[in-house]
Structure formats: structure tokens, C-alpha cells
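Single-structure report; data block below.
The values are calculated or read from the model by the stated rules, or taken from the named source; none is laboratory data. Just so you know, these numbers come straight off a predicted model, no measurement behind them. Positions of Cβ are backbone-derived with ideal geometry, glycine not excepted, and every protein chain shown enters the neighbour counts. When the accessible area is computed, the model is the full protein with side chains, heavy atoms only, and any ligands, DNA or RNA have been set aside. Shrake-Rupley method; radii C 1.70, N 1.55, O 1.52, S 1.80 Å.
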Amino acid sequence: MIKSEAVRIAHEASAVAMQYFRAPLDIIEKADDSPVTVADRETESYIRAELAKVFPDHAIFGEEHGISGSLDGPSWIIDPIDGTRSFITGSPLFGMLIGHLDGGVPQLGLVQMPALGETFVGQRGGSAECNGAPIHCRNTTQLDQAMIYINEAERIFSHNPALFGRLCRIGHTRRMAYDCYPHAMVAAGRIDAVVDFGLEPYDYLPLVSLVEAAGGVMTDWEGAALTLHSDGRVVTAATPELHQALLAQITG
């Protein structure tokens with residue numbers, strides 16, 4: 001029931017977001033200088049309302065409207081438009097993230113790509129799929145053979161130029177990117193790894209179950225499991241061997 005309802009709500013919420021896509025929008029700058037629009041807020045409001053109907057005893061933590069209830073038990077975590085800058089510039093690479101947690105531990109992860117018509121979902125201890133078809137990570141173990149995405153490249157460079165330089169020299173193929181879609185592409189077997197930076201819990205926790213159900217590994221930069229209190233530095237890799245190789249590059 002949790003999976004089917006999450007998929008249903010994500011599909012319905014996509015229509016809320018898409019009515020504003022590539023349309024004139026007023027953009028508000030939040031305290032951290034990140035943009036937000038009526039699309040973000042209305043999409044989250046729709047998701048929260050639907051979750052509250054079906055799971056009235058579950059807490060909800062959303063980027064735009066905060067926390068309702070206690071996150072110590074069953075809860076949902078939401079990023080209604082992950083990639084607002086993509087959304088407001090007309091790029092179809094924005095996503096929607098919905099995760100189900102129990103005691104802060106990810107149990108289900110869903111990535112909805114409204115403009116691409118793709119729905120990725122994975123359950124802890126279960127399988128992963130895209131639009132109902134099974135997906136699995138690639139089996140790449142060697143760093144020099146890996147297709148790697150570097151998310152938030154300018155922030156990584158500002159934080160640690162030496163690390164950024166190392167990341168730009170590793171792998172078979174490198175691309176600079178943003179937001180949730182590269183992580184979903186690891187789960188789908190399209191690329192091998194993502195190094196990410198400066199994320200909030202609603203950016204990364206909905207991805208964990210998807211990546212792990214597809215056979216991948218997703219941790220912080222120290223190799224520790226991601227929690228509500230992680231520092232937002234994230235590594236996603238298709239295999240444990242590739243994950244360890246990336247951690248070695250990050251730690252220098």
C-alpha cells in the first residue's frame with residue numbers, strides 16, 4: 001500500500017507542477033538565496049494533503065512547509081521540486097522526491113521526473129523499478145572505467161579546489177550536473193556514480209532506498225549511512241568497490 005499510494009500521489013502531483021512549467025512565474029528568494037515558486041509550494045501542499053488522508057498517523061517533513069508530527073516513527077519526507085533552478089529555466093531535469101522513513105531510516109524512495117514521464121521507485125529489502133520495469137545498477141568496479149557525475153561542481157570547487165581537481169581527473173567519463181536525476185540514473189544502470197554536496201535531508205533520504213534496492217551504495221563522504229543529521233555530502237556508486245575507490249579520492 002505504501003508503494004502504490006506513493007506512486008499514485010507522485011503522478012497526481014506532477015500535474016500540479018507541470019501546469020507552471022515553462023510558464024511565467026514569480027520567483028521568491030529564500031533565506032539561503034535558493035529560489036522558490038508557487039509551483040514548489042502548491043505541489044508540496046498537494047502531496048502533504050494526500051499523504052495525510054491515507055496515512056493520518058504518519059509525520060511529514062517537506063522542504064517548503066516543514067515538519068508535522070514526530071519523525072521518530074513512520075514518516076514521509078518530500079522535496080516537491082528538486083531542481084527549482086532547472087524548473088524556472090525550462091529544463092526538464094527537475095524532479096520530485098518522496099521518501100518513506102521509519103525512525104529516520106529510509107524504507108522507500110521515489111523519484112518522479114514530471115517533464116520526462118519517468119517514475120523511479122525502490123523499497124528497502126526489495127526491488128527497484130522505473131515505470132514498472134525492473135532496474136539495476138551497472139557492475140562497474142574500476143574507477144577508470146566509470147561514468148561519473150559531479151553534482152554542485154561550483155560549490156565543491158569553492159569548498160575544496162584540490163578535491164574538485166581530483167574529481168575532474170578520475171573516471172572514464174565525467175559530467176557536471178545537479179539535483180536528483182543523476183542518482184536515479186545510477187539506479188537505472190545508465191551511469192556509475194555521483195559525488196554530491198550541500199544537500200538537505202529531503203534531497204538525499206528519498207534516494208537511499210531507490211539506490212540500494214537497485215544494488216548500489218549511497219553514503220556520506222565518510223562512508224557512513226545517511227540520516228536526518230548527515231552533513232549533506234553524498235556519494236552514490238553502482239558497486240561497493242567503486243564506492244570505496246571514490247571515498248579514497250575524496251579523502252585524498
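The table below gives the values:
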{"quantity": "Val38-Arg85 FRET efficiency (beta carbon distance; Förster radius 25 Å; 0.05 resolution)", "calculated": "0.95"}
{"quantity": "Kirkwood hydrodynamic radius (C-alpha pairs) into Stokes-Einstein, segment 1-56, 4 °C and 1.567 mPa s, D in µm²/s", "calculated": "104"}
{"quantity": "All-pairs alpha carbon distance profile, segment 1-105, 10 Å steps from 0, percent", "calculated": "15, 48, 29, 8, 0"}
{"quantity": "Most to least accessible of Phe157, Phe94 (protein chains only, probe 1.4 Å)", "calculated": "Phe157, Phe94"}
{"quantity": "Per residue accessible area in Å² of segment 59-160, where ligands, DNA and RNA are left out and the probe is 1.4 Å", "calculated": "40"}
{"quantity": "Residue-averaged 222 nm ellipticity for the chain, from DSSP H runs of 4+ at -39500 (n - 2.57), nearest 500", "calculated": "-10000 deg cm²/dmol"}
{"quantity": "On Cα atoms only, tilt of 240-251 relative to the major axis of the chain in degrees", "calculated": "80"}
{"quantity": "Segment 43-114 - convex hull of alpha carbons, volume per residue in Å³", "calculated": "81"}
{"quantity": "Cα-derived Rg over Rh, computed across segment 193-252 with Rh taken as Kirkwood radius", "calculated": "0.93"}
{"quantity": "Restricting segment 125-221 to trypsin sites (Lys or Arg not before Pro) in coil, as DSSP defines it, with at most 13 other Cβ within 10 Å", "calculated": "Arg169"}
{"quantity": "Solvent-accessible heavy-atom area per residue, rounded to whole Å², over segment 207-252 at 1.4 Å", "calculated": "36"}
{"quantity": "The chain, accessible surface, carbon-and-sulfur percent (1.4 angstrom probe)", "calculated": "50"}
{"quantity": "Interchain or long-range residues, amide H under 5 Å from Ile191's placed H", "calculated": "Val186"}
{"quantity": "Segment 101-141 shape via C-alpha gyration tensor axes, a/c threshold 1.5", "calculated": "oblate"}
{"quantity": "Dimensions (Å) - segment 139-252, Cα atoms, principal axes, largest first", "calculated": "30, 29, 22"}
